[in-house]
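Notes for the one structure printed next.
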Amino acid sequence: MTAFSLEPAQLAWCAELRTLAAERLRPLADKGEPGHVNRALVAELGSLGLLGRLFTSGALDLCLMRESLAYACTEAETALALQGLGAHPVHAHGTQEQRARWLPRVADGTAIAAFALSEPGAGSDAAALELRAEPESRPEPESPQGEGPPAAPALAAAPDGPARWRLTGEKCWISNAPEADFYTVFARTAPGAGARGVTAFLVPADRPGLTGRGLDMLSPHPIGALDFDAVPVTADDVLGAVDRGFRVAMGTLNLFRPSVGAFAVGMAQAALDATLAHTAGRDAFGGKLRDLQAVSHQVAEMALRTEAARLMVHAAASAHDADAPDVPGRSAMAKLLATETAQYVVDAAVQLHGARALQRGHLLEHLYREVRAPRIYEGASEVQRGIIAKELYARQEAR
């Protein structure tokens, strides 16, 4: 299979997902309370087996799921994506005990996951994060007089027990916070080391010293801030290796960035289809709207850009599944093109519908609110351009 065509079974699966989203997930989404986790919706995603597929599917299947769900129910798409984003580091880097405790509950929709990377001063520049993982130290006995200064404090550990740290600082703009059941948290374990001094921890929400508060955001799901007041963690909570957490974060984002693009493509397709129906049926100036060249050319441009974005998303996802060397650049291109395209398509659809599209409850009013955030989260468009340029120059220098 190439990146530019889908097998009949994949196309049938996408159609089935659209139907499930419209008939079973949309009603649950409509009953949710904005700004809070819709646990009934998450549980239904689990019962349909979609959450479990997060841990068995490749990047392309993830993109197909996200685009198909987004077409009919953006809330279901986002709920699925956030479960994957928060739990993927556990799936990919967790210990046997961590995986056994949390992944079955994520898969059946009874545990809510969250990915806690961003901070008030470290959003786009993830390597600049300041949440501190400070080692608990035990004092060493003073050296006898004349034998030099005492040794540096050792990392505290019970006999035959794990090393221990205390997390102190803040995370901000964290999806599913403060209502998640556990967080994948990235903290600095080596001051001044940039990306090389970050460690990923699995932190259950009930750890002492961990508190959170919701932020009033333009979002149907909760987004909040987390405060860490000497929250205890041990080596048993580490995901991957100490001081190598940035690899955990970037590996997760390289997987999910193309699928953010797929989310955007799903919204763009929904807006395009709504526009086709509206312009074909709307009477204006003695005919149908579609008979106006300015309108038909606009619709053609919307379709062109949507399909181009879809193809780039599929290409990036296929490259990820093939373990290609240029995954970061392709992932960045896919997210950048698709999210910017969706913004354009939804805005054009609103313009062609007129005032009715801005009425509360209209599909396009909903999409107009939903389409803006993907250009910022998981790396803003400007960050994606930086990644693309870095990859291009690195490739040129390697020739």
Within the stretch 290-331, residues free of Cβ contacts under 8 Å to residues at least 24 places away in the same chain and either part of a helix (DSSP H, G or I) or buried (at least 20 other Cβ atoms within 10 Å of the Cβ) (or both) come out as R290, D291, Q293, A294, S296, H297, A300, L304, E307
So, restricting to strands (runs of 3 or more DSSP E) that lie completely within the stretch 155-257, which ones have at least 1 residues that are modelled with pLDDT of 95 or more and on the phi > 0 side of the Ramachandran plot?
164-175, 223-234
Given the criteria surrounded by fewer than 20 Cβ atoms within 10 Å (Cβ to Cβ), assigned to a helix (DSSP H, G or I), more than 22 Å from the chain's Cα centre (by Cα) and in the same structural domain as V265 (by TED's automatic domain parsing), does L364 qualify?
no
Would the stretch 54-73 turn up any residue that is closer than 26 Å to V233 by Cβ and in contact (Cβ under 8 Å) with a residue 40 or more places away in the chain?
yes
Could you run through the stretch 1-54 and say how many residues are over 22 Å from the mean Cα position of the chain (by Cα) and in a loop (DSSP other than H, G, I, E, B)?
8
Could you give me the residue pairs with C-beta distances under 9 Å whose first residue belongs to the stretch 374-399 and is free of Cβ contacts under 8 Å to residues at least 24 places away in the same chain, whose second residue is in a helix (DSSP H, G or I) and among the aliphatic types (A, V, I, L, M) wherever it lies, and which are 6+ apart or on separate chains?
G386/A332
Can you pull out the residues in the stretch 190-208 that are charged (D, E, K, R), in contact (Cβ under 8 Å) with a residue 24 or more places away in the chain and either surrounded by fewer than 15 Cβ atoms within 10 Å (Cβ to Cβ) or not assigned by TED's automatic domain parsing to the domain that holds D237 (or both)?
R196
Of the residues A79, A100, A127, only one is at pLDDT below 95, part of a helix (DSSP H, G or I) and either farther than 21 Å from D321 by Cα or out of contact with any Gly (no Cβ under 8 Å at 6 or more places or on another chain) (or both); which?
A127
With criteria (1) surrounded by fewer than 16 Cβ atoms within 10 Å (Cβ to Cβ); (2) closer than 21 Å to C14 by Cα, L272 comes up short on (1)
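The values are calculated or read from the model by the stated rules, or taken from the named source; none is laboratory data. Just so it is clear, the structure is predicted and the values come from calculations on it, not from any experiment. Heads up, the Cβs are rebuilt from the backbone with ideal geometry, glycines too, and the neighbour counts pull from every protein chain shown.
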